[in-house]
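Read through the structure below, which is laid out as structure tokens, and then see the notes.
Please treat every number below as a calculation from the coordinates, not as lab data. Worth saying up front: this structure is predicted, and the values here are computed from it rather than measured. Neighbour counts run over all protein chains shown; Cβ positions are idealised from the backbone, glycine included.
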Amino acid sequence: MASHTIAAHASVGEALRRINSLHNVPLTLFVEDDGKCVVGSMTDGDLRRALLSGLGMDAEVGLAMRRDFIALRPGCDQMGIFDCARRRNVRLLPRLDGMGRLIGMIDLSVTKSLLPVDAVLMAGGRGERLRPLTLSTPKPLLKVGGKAIIDYNVEELESNGVERIFITVNYLKEQIEAHFSKPRRAEITCVSEPKRLGTMGSLALVKGLQADNVLVMNSDLLTTISFEDMLRHHRSVGADLTMATVGYNVTVPFAVIEIDGDRVTGLREKPSYNYSANAGVYIMKRQLLERIVPGEYLDAPDFIEGLIADGLKVSHFPVKGLWVDIGSPADFKYADELMSRPVDRR
């Protein structure tokens, strides 16, 4: 971070030399006072405008910096700050401590959002329908397009600024634990299931959740769902739990008879019915986890039906774009071919 900071009493010429020394990174400096508190920001554009206005090379950078800079501070609305930064075309967003000192930076060309959620990926299944591929490799580590399935989801969460990711493991868990043994952008913790507990039952094992909302998803999905849009929807409608859904169409290949008692009242020729199906991605309020009994099996449908029965609000969010549930050899082949294409799938 030191390469991106400069003292307020430094000269404009020094700031120009410092920015010129930056390579392949946003050309931004953060101006610090004598107490190392950030008091302004300066880009190469700010410097050019200052010089064109007549400011000399020996002038202090405090005269050229922007005092209305955007920063992440403790307790702030991260998504709101990030939105403001995007609107102002900010490339580098500083993260400050309570005293205003620089503790980190976020490159907006790498991180596309800052979601205040913790994430839990379910990776304990046996993947029996994909045997023999899963006899020696857990399904989340099967490669499609040259990359493990689970890595697509982890990397997408990381690019959305999710800092804590928990992965529940069971079958061939040692391989998944080894796969995530090296440090990544997010803090990743593998949580071992002593037995199969179901999608929601395993959540009782997860310790260290801090965010008000938890994003839960199956690790073997390929999707371009917008987690940011889903969270915004979840908040705006005041949902206790929001589930992602995908459209599912069923066409009956025969004429369907409409009846009233023993009387035929009409015919519908090969009708189609559109349904919304569970996409395996959920955002829920963290306090809902208190409803889960540790050690008891609990699947998502039973958990959600319990919420509805108790009058809690369950919302749905349609997936736009790619969604592939890799549950069969045909699905796996399709996913591998899709992710191997040299095109932008977003």
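In this structure, the amide hydrogen of Leu29, modeled 1.01 Å from its nitrogen in the peptide plane, lies closer than 5 angstrom to those of Met42, Thr43, counting only residues at least 5 positions away or on a different chain. Between Cys76, Cys84, Cys37, the Gaussian network model of the chain with springs among Cα atoms under 10 angstrom shows the greatest mean-square fluctuation at Cys76.
Decide, for the stretch 1-58, between rounded, prolate and oblate: order the square roots of the alpha carbon gyration tensor eigenvalues as a ≥ b ≥ c, take rounded if a/c falls under 1.5, and otherwise choose prolate if a/b is larger than b/c, else oblate. It is oblate, given that a/c is not under 1.5 and a/b is not larger than b/c. Label positions at Phe254 and Lys320, each projected 7 Å from the Cα along the C-beta direction, are separated by 4.0 nm.
The DSSP beta bridges internal to the stretch 117-340 are antiparallel in roughly 55% of cases. Working note: Karplus 6.51/-1.76/1.60 with θ = phi - 60° gives the stretch 99-110 the couplings 8, x, 8, 6, 10, x, 9, 10, 7, 6, 7, 10 Hz, where Gly and Pro are set to x. In percent, rounded to a whole number, the relative contact order of the stretch 59-188 is 21, using alpha-carbon pairs under 8 Å and six or more apart.
Between the stretch 283-346 and the stretch 196-249, what's the alpha-carbon centroid distance in Å? What the calculation gives is 7 Å, centre to centre.
Packing around the peptides 110-120, 14-24, 245-255, taken as the average count of other Cβ atoms within 10 Å per residue, puts them in this order, highest first: 110-120, 14-24, 245-255. Site pair Arg129 and Arg67 shows an inter-label distance of 6.3 nm when each label is modelled 7 Å from Cα along Cα→Cβ. With the Cα gyration tensor of the chain giving a ≥ b ≥ c as the square roots of its eigenvalues, does the rule (a/c under 1.5 for rounded; else a/b larger than b/c for prolate; else oblate) give rounded, prolate or oblate? Here the chain falls in the prolate category. With the convex hull constructed from alpha-carbon coordinates only, the stretch 240-346 shows a mean projected area of 12.1 nm² over all directions. Comparing mean-square fluctuations of Arg88, Arg131, Arg101 from a GNM of the chain with C-alpha springs under 10 Å, the top value falls on Arg88. Each stretch of four or more DSSP H residues adds -39500 (n - 2.57); spread over every residue of the chain, this sum gives -6500 deg cm²/dmol at 222 nm. How high is the FRET efficiency from Gln175 to Tyr275, r the C-beta distance, R0 41 Å, rounded to 0.05? Once the sixth-power term is evaluated, E becomes 0.70. Taking a ≥ b ≥ c as the square roots of the eigenvalues of the Cα gyration tensor, an a/c ratio of 1.5 or more together with a/b no larger than b/c marks the stretch 51-100 as oblate.
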